[in-house]
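Coordinate-derived values only; no laboratory data. For clarity, every value in this text was computed on a predicted model and none was experimentally measured. Cβ: placed from backbone, ideal geometry, glycine included. Neighbour counts: every protein chain shown.
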Amino acid sequence: MDLNTIFSVIGFIFSIFSLPSAIYFIVKKVIDRKHISWKKVEKGTRYLAEEVETINPDIIVTFSGRGGIAANLVLSRLKNKYPLYTCLLKDSMHS
């Protein structure tokens, strides 16, 4: 048996064992994912809206993505009382 055949057999054995383990870890990650209900979202936006009212800012600045979504949910609770400016994030690696 030459070295190429040995490495081919080892590679085949690793590929057989890696597929089930990859599927296991993907399924485990999906099952362990945190689930957030709308009730929790409403509670959080209510709390943030109260904090914004306490601070009484002139403007609100947020980052694009999840921060923008959360800021819009809070502002909708405040009847869009404050101007919202969204900063678009740019990936420096692809400029």
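Worth pointing out:
- The stretch between ARG66 and ILE16 holds 14.1 nm of extra length on full extension. This uses 0.36 nm per residue minus the Cα-Cα distance.
- Set against the labelled values (1) 24.7, 78; (2) 15.6, 51; (3) 13.3, 39, Rg and Dmax of the Cα atoms in Å computed from this structure falls on (1).
- Mean Cβ count within 10 Å, highest first, over the residues of peptides 59-72, 27-40: 59-72, 27-40
- Charge dipole magnitude, Cβ of K and R +1, D and E -1 - region 1-58, Cα centre, debye nearest 20: 360
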